[in-house]
Amino acid sequence: MTLRQLRDIYVSRLVDLYPENEIVSIFKIVCEDLLYMSKSDIMIRGEEPLSHLKEEILLRSLETLLAGTPVQHITGIGHFYDHEFKVNEHTLIPRQETEELVQWILDDHKGKQINSILDIGTGSGCIGVSLGNAFAKANSLKSSTKIILLDLSKNALQVAASNAEAISPEVNFELIHQDILATEKLEPFDIIVSNPPYVRELEKPELHKNVLDFDPEMALFVENEDPLVFYRKILELAKDHNNPLVYFEINQYLSKEMKQLAIQLDYKHELRKDLNGNWRMMKCWK
Ligand code: GLN
């Protein structure tokens, strides 16, 4: 079979699970990450017959996709901010919206020197590691700069450690196993960033089956009664720091509540929408 024929099989069989353009993207990801094809190969070599092995890999991946498995769990890779992050069942698959948060932080710090960054609930490490890598490339890091990747899950920290080492070995990352909700005091950082769990039980029906079945619950869900628990705790911990600067990814339905929280804790703030037009990010400072 040719690549094009296989692509058509993917489209016709996955049509009930994903929109067509997403199926084509998924197909390309499988070709890139499992067949090691370049983007241009995928375009140019559509009519050439595939080797038996390659055909086998594509068909087997299709069966796994049909069972609802996200493509990132088949390839073990999440693409985020130009890097390949290892992901597994212990980490949230990196999202595009979160790339926009990283970009905001980088834009705010062009030409500045960074002493310290704390990424709370780091998961695969995608935020902290991407920041470390980009700041290092921009010569914004000192030899003493430390970037702390903190998570409650030891399994996630192992993934973050391996991503940090693979993507940015020259940066000084520190991995900390800690429950932020049980933390009483926090040393100051130049930048604190967090994408904490923020999905409420009542929003569960909105999530795609493969998010519900494959992303770790502890990375997604927060109690209905107090969905801002992580944000409040982090802002309280940073409240007495000299110049606290905190960036959050937020629940699109809770931007008003986030605003109130910032005002209540005496922070200035800015909210931003993501490319889908949803309130998704917030910056807090004094
Ligand atoms: N944005 C994620 C989702 O839609 C949720 C991430 C989170 O809870 N921090 O599934």
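Of everything in the range 237-271, what is in a helix (DSSP H, G or I), touching a strand residue (DSSP E or B) at 6+ places or on another chain (Cβ under 6 Å) and more than 16 Å from the ligand (Cβ to nearest atom)? Give them in sequence order. Once the filter is applied, which keeps residues that are in a helix (DSSP H, G or I), touching a strand residue (DSSP E or B) at 6+ places or on another chain (Cβ under 6 Å) and more than 16 Å from the ligand (Cβ to nearest atom), the range 237-271 yields Ala238, Ala262.
Applying the criterion of being touching a Lys or Arg at 6+ places or on another chain (Cβ under 6 Å) and assigned to a loop (DSSP other than H, G, I, E, B) to the residues of the range 15-46, the residue that is farthest from Ala67 (Cα to Cα) is Gly46.
Within the range 60-77, is even one residue part of a strand (DSSP E or B) and either away from the ligand (no atom under 16 Å from the Cβ) or at positive phi (or both)? Scanning the range 60-77 turns up at least one residue that is part of a strand (DSSP E or B) and either away from the ligand (no atom under 16 Å from the Cβ) or at positive phi (or both).
Look at the range 85-99: where a residue is of a type in the set (S, T, N, Q) and a partner is part of a loop (DSSP other than H, G, I, E, B), sitting 6+ places away or on another chain with Cβ atoms under 6 Å, you get Thr91/Gly123; Thr91/Ser124; Thr98/Asn195. Kindly indicate whether Leu131 is in contact with a Phe, Trp or Tyr (Cβ under 6 Å, 6 or more places away or on another chain), touching a residue at least 12 places away in the same chain (Cβ under 8 Å) and closer than 20 Å to Glu165 by Cα. In short, no. When residues in the range 205-222 are screened for being touching a residue at least 12 places away in the same chain (Cβ under 8 Å) and more than 9 Å from the ligand (Cβ to nearest atom), 6 of them pass. When the range 189-206 is filtered for residues that are in contact with a Phe, Trp or Tyr (Cβ under 8 Å, 6 or more places away or on another chain), assigned to a loop (DSSP other than H, G, I, E, B) and under 14 Å from Leu235 (Cα atoms), the ones remaining, listed by number, are Asn195, Pro196. Filtering Ala156, Ala161, Ala166 for residues that are of a type in the set (A, V, I, L, M), part of a helix (DSSP H, G or I), touching a residue at least 60 places away in the same chain (Cβ under 8 Å) and away from the ligand (no atom under 16 Å from the Cβ) leaves a single hit, Ala166.
Residue count for the range 105-129 under the criterion of being more than 16 Å from the ligand (Cβ to nearest atom), in a helix (DSSP H, G or I) and buried (at least 18 other Cβ atoms within 10 Å of the Cβ): the result is 2. With respect to the conditions (1) modelled with pLDDT of 95 or more; (2) outside the structural domain of Ser168 (by TED's automatic domain parsing), Met43 lacks only one, and its number is (1). Please verify whether the range 221-228 includes one or more residues that are exposed (fewer than 14 other Cβ atoms within 10 Å of the Cβ) and in contact with an Asp or Glu (Cβ under 6 Å, 6 or more places away or on another chain). Yes, the range 221-228 has at least one match.
The values are calculated or read from the model by the stated rules, or taken from the named source; none is laboratory data. Not measured: the values here are computed from a predicted model. No Cβ is skipped: glycine too gets one built from the backbone with ideal geometry, and neighbour counts run over all protein chains shown.
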